[in-house]
Amino acid sequence: MKLSTTRFIRLLMALAISAIPFVSGCSTAPPASDRASFYKEARAAKAWFQNNVSGLDRQIDRSGGYIIFPGIAQYGILFGGGRFGRGMVCRADGTQVGWAAINTASIGLQAGVQGFKMLMVFENEAVLRRFKEGKLTGSFTGVAVGIEAGGSGSASFTDGVAMYQGANTGLMAGVNVGGDLIRYAPLGYEG
């Protein structure tokens with residue numbers, strides 16, 4: 001069966017539109033049955049950043065806390081796409097205080113699927129508190145970190161946040177994330 005270009009485009013658009021409600025309905029915390037593997041992936045992602053960013057340990061020690069996103073999926077199908085990932089919110093000492101989720105939709109010409117890990121470091125307790133209260137605004141651009149580049153130094157804080165990203169395979173361009181697009185849920189929250 002031969003599929004015309006017009007029918008193919010309509011099919012891709014329908015798939016993209018139908019995927020958005022499923023992604024936007026996802027919870028902030030991973031299901032209880034997936035948490036053991038999530039914690040393992042989060043620890044591995046944090047260790048990866050620590051091994052590849054000089055000065056990161058010192059920056060985290062002096063911070064109010066951080067969010068580690070072990071895997072964020074970024075997808076695009078023709079005229080629609082988005083980004084989704086869950087993260088673990090921790091104080092500077094590594095104690096988990098909650099969950100975070102990025103869940104955005106985008107419109108515009110795009111194609112492909114890309115995965116990456118991300119670390120957001122909060123400059124101090126006040127910035128962490130603003131995030132937890134849903135008052136973190138601004139747009140944060142991640143510093144691309146990769147073994148191929150020979151590692152990198154710690155990022156500067158912009159509006160109280162230093163952000164790092166690492167491709168799951170190879171290098172990728174910097175990702176821009178709006179602070180208001182990241183949700184927070186305290187520990188024990190299951191919604």
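Before moving on, here are some points about what is shown:
- Within the stretch 64-86, the set of residues being modelled with pLDDT of 95 or more and closer than 18 Å to Q165 by Cα comprises G65, Y66, I67, I68.
- Residues of the stretch 45-61 satisfying the condition of being exposed (fewer than 13 other Cβ atoms within 10 Å of the Cβ) and either part of a helix (DSSP H, G or I) or free of Cβ contacts under 8 Å to residues at least 12 places away in the same chain (or both): A47, N51, D57, R58, D61
- Restricting the first member to the stretch 116-128 and to residues that are more than 16 Å from I102 (Cα to Cα), and the second to residues that are aromatic (F, W, Y) and in a loop (DSSP other than H, G, I, E, B), the beta-carbon pairs closer than 6 Å and six or more apart or on different chains are E123/F157.
- Among residues of the stretch 82-99, those that are under 9 Å from the mean Cα position of the chain (by Cα) and more than 13 Å from F38 (Cα to Cα), counted: 2
- Annotation note: of S154, S139, the sole residue that is at pLDDT below 75 and of a type outside the set (D, E) is S139.
The values are calculated or read from the model by the stated rules, or taken from the named source; none is laboratory data. All values derive from a computational prediction rather than experimental measurement. Glycine also receives a Cβ, built like all others from the backbone with ideal geometry; neighbour counts cover every protein chain displayed.
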